[in-house]
Amino acid sequence: MEKRIFVFFLILALFFACNDNDKTAEEIASIPLELRVARFDMEVGDAQPSDLPRLKKAYPYLFPPQYSDSIWSAKMTDTLQIEILTEVKQAFPDFGREREDLEALFKHIKYYFPKHEAPLVITLTSEVDYQNRIILADTLLLIGLDNYLGANHKFYKGMQQYIANGLDRKYLVSDVASAFTQKVVPRPDARTFLSKIIRYGKELYIKDKIMPFGTDAEKIGFTEEQLEWAKGNEEPIWRNFIEQEHLYSTDNKLNLRFLDPAPFSKFGLELDNESPGRIGRYIGWQIVRAFMDINELTLEQLMTVSSEEIFKKSNYKPSK
């Protein structure tokens, strides 16, 4: 009898949760938003040096005054620049799919963070400056499309593979979402490793909400195989962090080992070569998820909760 009652209430809870999710999805879909996208890369690719005054007038923020017109004219006729623009044009002839996903992203952002307005999106090339492939200002979003041509593209030969793997169009919207989360999530409230991983966990949890159409692998920048490895090894990873007393350590070397982009994480064990880099971010994500599963807070409220409180109230314990 008790088992039947438990099952009944479980079904009831799932029913109301589904209804709430459907209502939220409907409210987000109804937000009036038409994303503005300017294909600067296309315009430059079709332009001649004589078109430079027109381009400067249309995009003054892309032409710093310290660079003379002769420099821009030379770039417009440079064979390498022309090749980059040609490759981007072939890969992104219309930008339609990305536009739809970005529009959905900014609708979700508007729902959860009402004060934030969708920016003007400018697509351009950046000479494969992958460290600055996304620049998000208050009213402008610059996207370097030459950083999303696929891991095996000829432009990326000579790069370490873990960097090239991230230069794929499937990560484009996730990178934009990351640029946003980095603006709204406060800096770590302490110098401890725990505080740092939970800061990343907050960023990834926000991405759960603002890009529900994306996969977990896309959100964190893993391949599907790397994500499965992280899931399958979550308990021994956590145990290692506990046993090695990493959580309250302020050793900055832990950033290099577990938080920064790298070909793999560095436990000093045989499993290192199998692991993805940034595994500490994944653990922080699971802690924040566990916390939010049992605490009803808005995303803006989550931003104000300390890492220590999140950890203690999450009851985080990965299953073996």
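The values are calculated or read from the model by the stated rules, or taken from the named source; none is laboratory data. Quantities reported herein were computed from a predicted structural model and do not represent experimental measurements. Cβ atoms come from the backbone with ideal geometry, glycine included; neighbour counts cover every protein chain shown.
For Asn295, indicate whether it is surrounded by fewer than 18 Cβ atoms within 10 Å (Cβ to Cβ), closer than 30 Å to His116 by Cβ and over 16 Å from the mean Cα position of the chain (by Cα). For Asn295, the condition - surrounded by fewer than 18 Cβ atoms within 10 Å (Cβ to Cβ), closer than 30 Å to His116 by Cβ and over 16 Å from the mean Cα position of the chain (by Cα) - is met. Which of the numbered conditions does Asp260 fail, given that it passes all the others? Conditions: (1) under 16 Å from the mean Cα position of the chain (by Cα); (2) crowded, with 16+ Cβ neighbours inside 10 Å. It is condition (2) that Asp260 fails. Every residue in region 49-70 that is over 31 Å from the mean Cα position of the chain (by Cα), exposed (fewer than 11 other Cβ atoms within 10 Å of the Cβ) and in a helix (DSSP H, G or I), please. Selection gives Ser50, Pro53, Lys57, Ser70. Taking region 160-174 as the range and being in contact (Cβ under 8 Å) with a residue 24 or more places away in the chain and in a loop (DSSP other than H, G, I, E, B) as the test, the residues that pass are Gln160, Asn165, Gly166, Leu167.
In the set (1) over 18 Å from Leu142 (Cβ atoms); (2) under 26 Å from the mean Cα position of the chain (by Cα), the condition left unmet by Asp46 is number (2).
Among the helices (runs of 4 or more DSSP H) contained in region 191-258, which hold 2 or more residues that are under 27 Å from Lys110 (Cα atoms)?
Correct list: 193-210, 216-220.
Please indicate, with yes or no, whether at least one residue in region 104-120 is at pLDDT 95 or above and closer than 25 Å to Phe155 by Cβ. Checking region 104-120: not a single residue is at pLDDT 95 or above and closer than 25 Å to Phe155 by Cβ. Looking only at residues of region 29-55 that are among the charged types (D, E, K, R) and in contact (Cβ under 8 Å) with a residue 12 or more places away in the chain, we find that the one that is farthest from Val88 (Cα to Cα) is Glu34.
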